[in-house]
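The values are calculated or read from the model by the stated rules, or taken from the named source; none is laboratory data. These numbers come from a predicted model, not from an experiment. As a convention, Cβ positions derive from the backbone with ideal geometry for all residues, glycine included, and neighbour counts pool all protein chains shown. Side chains included, ligands, DNA and RNA excluded: accessible areas come from the protein's heavy atoms. Shrake-Rupley method; radii C 1.70, N 1.55, O 1.52, S 1.80 Å.
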Amino acid sequence: MTETETKERTTQILVAGIGNAWLRDDGFGGAVAKVLSERELPAGVHVMDFGSGGLDLAYEVMRGYDALVILDVSKQGGEPGTLYVMEPDEGSVPGGIEDGDVINPHAMDPQTVLRFVKSVGAWPGRVVVIACEPADVEEMGWGLSEPVRDAIERAVDLVVETVGELRAGARALP
């Protein structure tokens, strides 16, 4: 065996901020991605802000990652600024994009992105969604509400912890 064949492959993890910054708290994912991009992260961890470009995210995932961390807002009914961690598995995502289903490439929510990725056989191993309860995503405007802005550092810490767990879990797989 050559050195290349025996060298351990670096786990590849995509951390994807999504959301429309012009809809106030919907910019949460991008704000967290910005803070993360200024930090030193382990090799193989790629942080990108996809804004509202869900199709761009789907195409990036198709490059081949061991894990995907999505940063977004999610209305779950909690107090604004509450963080949620969800881990959809491939089996829980509806299969494929059926004939007649319309996909708006400029408004692909995380579920549609995952359906698309699954339909082309590019599921990224594990998927974790770290989301924040928004206060305001209905009105056009710039800037996060105070409770969502206050959740950014907690979200960054949660992403770093999650990336560590994903890297350890990927190495433990056969």
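Give the carbon-plus-sulfur fraction of the accessible surface of the chain in %, rounded to a whole number; probe 1.4 Å, heavy atoms of protein chains only. Intermediate values should be presented prior to the final figure.
Working: 4710 of 9460 Å².
Here carbon and sulfur together make up 50 percent of the probe-accessible area.
As a test of reading the structure, rank ARG115, ARG63 by solvent-accessible area (1.4 Å probe, protein chains only), most first. It would help to have the intermediate numbers written out before the result.
Details: ARG115 45, ARG63 180 Å².
Reading off the accessible areas and sorting them downward yields ARG63, ARG115.
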For Cα Rg over 2.2 N^0.38 Å, the choices are (1) 1.06; (2) 0.97; (3) 1.78; which was calculated from the structure? (1)
Considering only the other residues whose Cβ falls under 11 Å of the Cβ of VAL156, what net charge follows from Lys and Arg at +1 and Asp and Glu at -1? -1
Quick one: length gained pulling GLU138 to GLU161 fully straight, 0.36 nm per residue minus the C-alpha distance? 5.2 nm
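Can you compute the charge dipole magnitude of region 125-174 about its Cα centre, using +1 on each Lys and Arg Cβ and -1 on each Asp and Glu Cβ, nothing else charged? Give it in debye, rounded to the nearest 20.
Numbers: 5 positive and 10 negative charges, 115 e Å.
The calculated dipole for region 125-174 is roughly 560 debye.
Using R₀ = 30 Å, calculate the FRET efficiency as 1/(1 + (r/R₀)^6) where r is the Cβ-Cβ separation of LEU83 and ARG9; round to 0.05. Present the calculation step by step, with values, prior to reporting the outcome.
Values: r = 31 Å, r/R0 = 1.04.
Efficiency, from the Cβ-Cβ distance: 0.45.
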Listed by chain and number, the residues whose amide H is under 5 Å from that of ILE70, excluding neighbours fewer than 5 places away on the same chain and using placed H, are ALA16, VAL128, VAL129, ILE130
For the chain, give me the percentage of DSSP beta bridges that are antiparallel, rounded to the nearest 5 percent. 15 percent
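Counting pairs of alpha carbon atoms under 8 Å apart in space and at least six apart in sequence, what relative contact order in percent does the chain give?
Details: 338 pairs, mean separation 54.3, N = 174.
Computed value for the chain: 31 percent relative contact order.
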